[in-house]
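Written out below as structure tokens is the structure these notes cover.
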Amino acid sequence: MDNLRDKYIDLIANAGSESALEDLRVQAIGKKGEISLQMRELGRMTPEERQVAGPRLNALKDEIASALAAKKEALADNALDERLRSEWLDVTLPVRPRRQGTIHPVSQVTEEVTAIFADMGFAVAEGPQIESDWYNFDALNIPGHHPARAEMDTFYTHRAEGDDRPPHVLRTHTSPVQIRAMQDQGAPIRIIAPGRVYRADYDMTHTPMFHQIEGLAIDKDISMANLKWVLEEFVKAFFEVDDVELRFRASHFPFTEPSAEVDIRCSWEGGTLKVGEGDDWLEILGSGMVHPNVLRAGNVDPDNWQGFAFGMGIDRIAMLKYGIPDLRAFFDSDLRWLRHYGFAALDVPTLRGGLSR
Ligand code: PHE
């Protein structure tokens with residue numbers, strides 16, 4: 001019995017894995033294990049012999065079982081120690097400078113605009129960037145033959161040979177979100193929809209992908225006057241000026257009637273832009289009263305509801321506010337540019353905290 005004990009205690013101490021331990025358990029105290037077989041012998045012993053051997057065998061079995069359990073725990077501890085050693089991380093170390101990121105001006109401005117409109121009761125809505133041509137055009141009162149389709153320099157997706165359905169498009173504006181939001185939420189509704197849009201165009205002020213923010217407010221008696229107030233409030237808050245003059249220029253969009261493009265009074269002194277003063281005007285958005293056909297496409301009854309919509313270029317107003325001359329640099333991922341024009345990650349824009357500290 002002492003030999004058995006020494007043998008197994010030794011083997012257990014040297015076992016290198018849980019599966020080796022399990023093999024040892026079977027060998028020693030499993031149903032046909034060495035110690036179990038010895039216990040079966042008890043039946044053939046004299047009562048006196050049994051009285052001595054029985055408790056000793058039971059004690060041996062217990063000792064082996066607890067040695068196995070202890071070793072199993074030790075192996076698990078070692079594995080954990082090993083893992084902790086290899087995954088060790090000193091969280092008190094300062095951030096490695098090469099890992100320091102910044103918030104992109106487009107993200108920053110999107111947050112700023114969202115904060116301002118949230119204060120006026122607008123919720124954020126979203127739609128897909130790959131859009132059906134119905135949402136991007138037809139639902140917005142732009143039928144198949146309409147010149148606006150050609151003017152938009154649309155990117156079309158590819159359909160398989162023999163598939164006659166109209167191809168999907170990369171949305172050319174955020175206006176399809178107007179339709180989706182009305183279908184989802186009905187009227188009254190007050191939303192803004194920031195996001196990426198696509199047009200085949202590339203120069204100093206145009207990139208094939210850029211960002212817009214759509215606004216939509218539908219209720220019983222919303223008029224152009226409300227549009228004007230909302231936009232003035234927005235521009236004052238966004239450019240952080242007390243007074244600002246907006247100019248509503250009659251324009252045309254298929255999805256609004258009447259339509260207006262909105263310019264902001266500004267000056268260019270020594271190449272820097274000042275908003276709210278001067279003799280120049282700068283176009284910042286398109287807008288108007290939502291066309292009855294558009295309301296109908298959104299399942300909203302134009303006899304009961306009316307309202308305004310606008311669409312604004314986010315990159316454009318980011319360039320204006322932060323004096324960034326070339327739009328293309330927005331999307332070059334040049335770290336030096338990002339460090340120069342980027343924002344600190346924890347400067348969350350709020351109206352009360354200052355939009356762009
Ligand atoms: N969708 C228009 C554009 O991209 C902007 C717009 C939106 C105009 C809403 C009027 C109303 O140019």
Exercise. Sort through R171, R180, R165 and tell me the only one that's within 12 Å of the ligand (Cβ to nearest atom) and basic (K, R).
Key: R171
Exercise. Would you check which residues across the stretch 273-283 are in contact with a Lys or Arg (Cβ under 7 Å, 6 or more places away or on another chain) and either within 16 Å of the ligand (Cβ to nearest atom) or assigned to a strand (DSSP E or B) (or both) and list them?
Key: W281
Practice problem: Would you point out which residue out of L37, L75, L42, L80 is touching a residue at least 24 places away in the same chain (Cβ under 8 Å) and assigned to a helix (DSSP H, G or I)? | Solution: L75
Quiz item: Quick check: is even one residue across the stretch 19-29 at pLDDT 90 or above, within 49 Å of the chain's Cα centre (by Cα) and exposed (fewer than 12 other Cβ atoms within 10 Å of the Cβ)?
Solution: yes
Quiz prompt | Filter pass, F343 being in contact with an Asp or Glu (Cβ under 7 Å, 6 or more places away or on another chain) and more than 12 Å from the ligand (Cβ to nearest atom) | solution = no
Quiz item: Among the residues of the stretch 209-264, which ones are hydroxyl-bearing (S, T, Y) and out of contact with any Gly (no Cβ under 7 Å at 6 or more places or on another chain)?
Solution: S223
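Yes/no per residue for (1) closer than 30 Å to A15 by Cα; (2) within 16 Å of the ligand (Cβ to nearest atom):
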{"residue": "S66", "(1), (2)": "yes, no"}
{"residue": "S86", "(1), (2)": "yes, no"}
{"residue": "L89", "(1), (2)": "no, no"}
{"residue": "T92", "(1), (2)": "no, no"}
{"residue": "I103", "(1), (2)": "no, no"}
{"residue": "Q108", "(1), (2)": "no, no"}
{"residue": "V113", "(1), (2)": "no, yes"}
{"residue": "M120", "(1), (2)": "no, no"}
{"residue": "Y135", "(1), (2)": "no, yes"}
Exercise. Could you please let me know if M289 is within 16 Å of the ligand (Cβ to nearest atom), surrounded by fewer than 22 Cβ atoms within 10 Å (Cβ to Cβ) and of a type in the set (A, V, I, L, M, F, W, C)?
Key: yes
Quiz item: Somewhere in the stretch 97-108, is a residue touching a Gly at 6+ places or on another chain (Cβ under 9 Å), in contact (Cβ under 8 Å) with a residue 24 or more places away in the chain and closer than 30 Å to P167 by Cα?
Solution: no
Quiz prompt | Positions within the stretch 79-134 being modelled with pLDDT under 95, β-branched (V, I, T) and over 17 Å from H211 (Cα atoms), in sequence order | solution = V91, T92, V95, T102
Quiz item: Consider P302 against the criteria (1) under 17 Å from V109 (Cα atoms); (2) in contact with a Pro (Cβ under 6 Å, 6 or more places away or on another chain): it satisfies all of them except one. Which criterion is unmet?
Solution: (1)
Self-check item: Residues of the stretch 135-164 satisfying the condition of being among the aliphatic types (A, V, I, L, M), at pLDDT below 85 and assigned to a loop (DSSP other than H, G, I, E, B)
Solution: M152
Quiz prompt | Criterion: among the basic types (K, R), exposed (fewer than 10 other Cβ atoms within 10 Å of the Cβ) and either within 22 Å of the chain's Cα centre (by Cα) or over 25 Å from F343 (Cα atoms) (or both) - qualifying residue of R50, R44 | solution = R44
Quiz item: Would the stretch 303-313 turn up any residue that is away from the ligand (no atom under 13 Å from the Cβ), out of contact with any strand residue (DSSP E or B) (no Cβ under 8 Å at 6 or more places or on another chain) and either hydrophobic (A, V, I, L, M, F, W, C) or at pLDDT 90 or above (or both)?
Solution: yes
Practice problem: Look at R296 and say whether it is surrounded by fewer than 15 Cβ atoms within 10 Å (Cβ to Cβ), touching a Pro at 6+ places or on another chain (Cβ under 8 Å), more than 16 Å from E214 (Cβ to Cβ) and not small (G, A, S). | Solution: yes
Exercise. Tell me which residues, restricted to the stretch 1-30, are among the acidic types (D, E) and over 25 Å from R50 (Cβ atoms).
Key: D10, E18, E22, D23
Quiz item: Is one or more of the residues making up the stretch 196-205 under 28 Å from H340 (Cα atoms), buried (at least 17 other Cβ atoms within 10 Å of the Cβ) and hydroxyl-bearing (S, T, Y)?
Solution: yes
Quiz item: Identify, please: which residue in the stretch 303-328 is surrounded by fewer than 19 Cβ atoms within 10 Å (Cβ to Cβ) and not charged (D, E, K, R) and is, among those, farthest from V241 (Cα to Cα)?
Solution: N304
Quiz prompt | Matching entry among T114, T172, T154 (being surrounded by 22 or more Cβ atoms within 10 Å (Cβ to Cβ), in contact with a strand residue (DSSP E or B) (Cβ under 7 Å, 6 or more places away or on another chain) and either over 14 Å from A309 (Cβ atoms) or of a type in the set (D, E, K, R) (or both)) | solution = T172
Quiz item: If a residue has to be in contact with a helix residue (DSSP H, G or I) (Cβ under 9 Å, 6 or more places away or on another chain), within 16 Å of the ligand (Cβ to nearest atom) and either in a helix (DSSP H, G or I) or under 23 Å from G186 (Cα atoms) (or both) to count, how many in the stretch 208-252 make the cut?
Solution: 9
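The values are calculated or read from the model by the stated rules, or taken from the named source; none is laboratory data. Quantities reported herein were computed from a predicted structural model and do not represent experimental measurements. Methodologically, a virtual Cβ is constructed for each residue, glycine included, from the backbone with ideal geometry; neighbour enumeration extends over all protein chains shown.
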